[in-house]
Structures are given as structure tokens and as C-alpha cells.
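See structure below.
The values are calculated or read from the model by the stated rules, or taken from the named source; none is laboratory data. Because the structure is a prediction, the values reported are computed rather than measured. We place every Cβ from the backbone using ideal geometry, glycine too, and count neighbours over all the protein chains shown.
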Amino acid sequence: MKIKKVVFEPMNEIHENEVKILKKLLEKIEKQEPLQKEFDEFFEDVKQHFEFEENLMKKYGFFAYVPHKMEHDRIINELNEVKKHLNEYEWLKKYFKEYFLPWLDNHIATIDTVTGGFLNMVGASPTQK
């Protein structure tokens, strides 16, 4: 799983960590092993990832904060639904491989690239709050 880079390094670090956690989750799905712990870790990481970006966007007045936040909220709502299907391995495999991973790749290539460029341009500091 290779992910695109943005010009704001703290975002790259978060994306890379998230992909590592997602790989562990996908391995559990492939082996059809219990995955509550891995899903919870992944979901918590996604929430922290989004919160990190949203805090910086607010702090520095990012012009596309609202659509970016709306996209994050949509994925959080979606993952809350996915959580109800943790015993449906084929469904999960299809969701992550055919939907979530392509979404993540596109999200990073588009709005995260713009966000990272903006944060880099304004000299944003990667502190959480």
C-alpha cells in the first residue's frame, strides 16, 4: 500500500501510521480472525488524524475547512456503520479494498494535498491545539 505524499510532513507521518494500522486490520480480515481490537485501533487513529487536520485548518483559517470537515464527518459516520459488520469478512474486505483505500488515495491526492500546501505555505506548527 503506497500512499501519496503532501508537502506538510506531519500529515505524511499521520497517513503512513494509519496505513500501517490498516494493514494489520486487513491481515485479520484476510485470515478471518477476530478483529475488534484492530478495528478499534484503526477507528481511533482515523478520528485523531481527522481532529489533527481540523484543528490546524481552524487555527490557520484554511479556506476549504467546511468541505474538508464534511468529508471527514462522512467517513466517521461510515466507519460507525462498518463497526456493525465486524464478523462479515467478505463484506469488510470489499469495503476496505474497493471503497476505503481508493477513497483515502483520492482524498490525499486532492483535498489533503491542497490542505498540506496551505499549511506549509503559512508555516503551520504541527501542535495538536
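Below is a table of values for the structure above.
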item: Segment 26-62, residues that are within 16 Å of F96 (Cβ to Cβ), in contact (Cβ under 8 Å) with a residue 60 or more places away in the chain and within 14 Å of the chain's Cα centre (by Cα); result: none
item: Single match in E33, E71, E27 (criterion: under 21 Å from K4 (Cβ atoms) and of a type in the set (D, E, K, R)); result: E71
item: Tally, over segment 28-47, of residues that are in contact with an Asp or Glu (Cβ under 9 Å, 6 or more places away or on another chain) and within 18 Å of N12 (Cα to Cα); result: 3
item: So E81, is it at pLDDT 95 or above, assigned to a helix (DSSP H, G or I) and acidic (D, E); result: yes
item: Condition met for G123 (closer than 21 Å to I3 by Cβ and either modelled with pLDDT of 95 or more or not in a helix (DSSP H, G or I) (or both)); result: no
item: Unmet criterion (only one of (1) on the phi > 0 side of the Ramachandran plot; (2) surrounded by 15 or more Cβ atoms within 10 Å (Cβ to Cβ)) for E54; result: (1)
item: Count of segment 31-42 residues which are assigned to a helix (DSSP H, G or I) and surrounded by 17 or more Cβ atoms within 10 Å (Cβ to Cβ); result: 3
item: Flag for E71 being touching a residue at least 24 places away in the same chain (Cβ under 8 Å) and not hydrophobic (A, V, I, L, M, F, W, C); result: yes
item: Segment 84-93, residues that are assigned to a helix (DSSP H, G or I) and either under 17 Å from the mean Cα position of the chain (by Cα) or not hydrophobic (A, V, I, L, M, F, W, C) (or both); result: K84, H85, Y89, E90, L92, K93
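One line per residue, one yes/no per condition, for (1) at pLDDT 95 or above; (2) of a type in the set (A, V, I, L, M); (3) assigned to a loop (DSSP other than H, G, I, E, B); (4) over 19 Å from V46 (Cβ atoms):
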{"residue": "N77", "(1), (2), (3), (4)": "yes, no, no, no"}
{"residue": "Y95", "(1), (2), (3), (4)": "yes, no, no, no"}
{"residue": "F100", "(1), (2), (3), (4)": "yes, no, no, no"}
{"residue": "I111", "(1), (2), (3), (4)": "yes, yes, no, no"}
{"residue": "T127", "(1), (2), (3), (4)": "no, no, yes, yes"}
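Rundown of residues vs (1) within 21 Å of H15 (Cβ to Cβ); (2) in contact with a Cys (Cβ under 7 Å, 6 or more places away or on another chain); (3) of a type in the set (A, V, I, L, M); (4) buried (at least 16 other Cβ atoms within 10 Å of the Cβ), yes/no style:
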{"position": "P67", "(1), (2), (3), (4)": "yes, no, no, no"}
{"position": "V82", "(1), (2), (3), (4)": "yes, no, yes, yes"}
{"position": "K93", "(1), (2), (3), (4)": "no, no, no, no"}
{"position": "T113", "(1), (2), (3), (4)": "yes, no, no, yes"}
